[in-house]
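Comments concern the structure below.
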Amino acid sequence: MGKEGVARQGSSSEQRAFWASAYDGRSYRDLPWFEPTPSAHVARAVSDAFLPAGASVLDVGCGAGSNVLFLARNGFDAHGIDLSPGAISAALERAREEKLSPGLRVGDALALEFPAARFDGLIDNGCFHTLPLASRATYAREVSRVLRPGGVLLLSWVAREHTTPWGPPHRPSLAEVTKVLERDFLFVRTEFHRGADGEGPSTYDARLVRRTRPQPPPR
């Protein structure tokens, strides 16, 4: 479930410094957030064609690249960014081992270096809930900007219902996430998964579609 094990709040510069050093001096395989296989909700989105075959897809906060490699393996135009140079190095190493060539680069979810409407789909598997609260509106603007109208977003985050000390300091409610993203996205499916003790956090998985027309005003 992404990077929830060590996520923390703070300024963007603090976040950047933290993730820049997160991979130093240890194998990516030993990091608590590393998942060697694709996330279940990403695999489902491919199998039921919510992510259309061959689509261009960006994984924001891709870590060591398991979702990006899965997409590249299955014929997608797959891309990934992460604040951590170590994460991108690990993802590139794994891509070379599989003779795959996804687009991988160091990058910031709050300043995506891609043109408007560049992607058909976007994945966020544990990035959003690590952001400082004041940065979430910027995140919403950036992900909506780089998605084409009608493009899809797969968003997964640690839920407020996860109450153990392990995890991000702020665990968003569904209402909080909706407040940030609903102006530009339709929420077409949300699923809550209650984590068992010692077997991972309680999470939400959501499927969103980039609006093709403005959200209607209140009535």
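The values are calculated or read from the model by the stated rules, or taken from the named source; none is laboratory data. A quick note: this is a predicted structure, and the numbers were derived from the prediction, not measured. As a convention, Cβ positions derive from the backbone with ideal geometry for all residues, glycine included, and neighbour counts pool all protein chains shown.
Side notes on the structure shown:
- Qualifying residues in segment 33-54 (those that are in a loop (DSSP other than H, G, I, E, B) and surrounded by 20 or more Cβ atoms within 10 Å (Cβ to Cβ)) - the one modelled with the highest pLDDT: Leu51
- Some residue of segment 12-26 being of a type outside the set (Val, Ile, Thr), modelled with pLDDT under 95, over 25 Å from Arg96 (Cα atoms) and touching a helix residue (DSSP H, G or I) at 6+ places or on another chain (Cβ under 8 Å): yes
- The C-beta contact set for segment 179-194 (first residue closer than 28 Å to Thr164 by Cα, second residue of a type in the set (Gly, Ala, Ser) and part of a strand (DSSP E or B), distance under 8 angstrom, 6+ apart or interchain) comprises Phe187/Ala206; Arg189/Ala206; Thr190/Ala206; Glu191/Ala206.
Residues checked against (1) within 26 Å of Thr212 (Cβ to Cβ); (2) under 18 Å from the mean Cα position of the chain (by Cα); (3) modelled with pLDDT of 90 or more:
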site	(1), (2), (3)
Leu100	no, no, yes
Ala109	yes, yes, yes
Leu122	yes, yes, yes
Phe128	yes, yes, yes
Val146	yes, yes, yes
Thr163	no, no, no
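- Within segment 135-160, residues that are free of Cβ contacts under 8 Å to residues at least 40 places away in the same chain sit with their Cβ atoms under 8 Å from residues that are assigned to a strand (DSSP E or B), at 6+ positions apart or across chains, in these pairs: Glu142/Ala111.
- Of the set (1) within 15 Å of Asp82 (Cβ to Cβ); (2) under 15 Å from the mean Cα position of the chain (by Cα); (3) surrounded by 18 or more Cβ atoms within 10 Å (Cβ to Cβ); (4) not acidic (Asp, Glu), all apply to Leu154 but (1).
- Pairing residues of segment 85-97 that are in contact (Cβ under 8 Å) with a residue 40 or more places away in the chain with residues that are surrounded by 18 or more Cβ atoms within 10 Å (Cβ to Cβ) and part of a helix (DSSP H, G or I), at Cβ distances under 6 Å and at least 6 apart in sequence or on separate chains, gives Ala90/Tyr28.
- Residue in segment 172-181 that is of a type in the set (S, T, N, Q), farther than 17 Å from Leu131 by Cβ and surrounded by fewer than 16 Cβ atoms within 10 Å (Cβ to Cβ) present: no
- Those residues of segment 67-87 which are more than 22 Å from Arg145 (Cβ to Cβ) and modelled with pLDDT under 95, in sequence order: Ser84, Pro85, Gly86, Ala87
- Qualifying residue in segment 154-176 (condition: part of a helix (DSSP H, G or I), among the charged types (D, E, K, R) and closer than 16 Å to Ile123 by Cα): no
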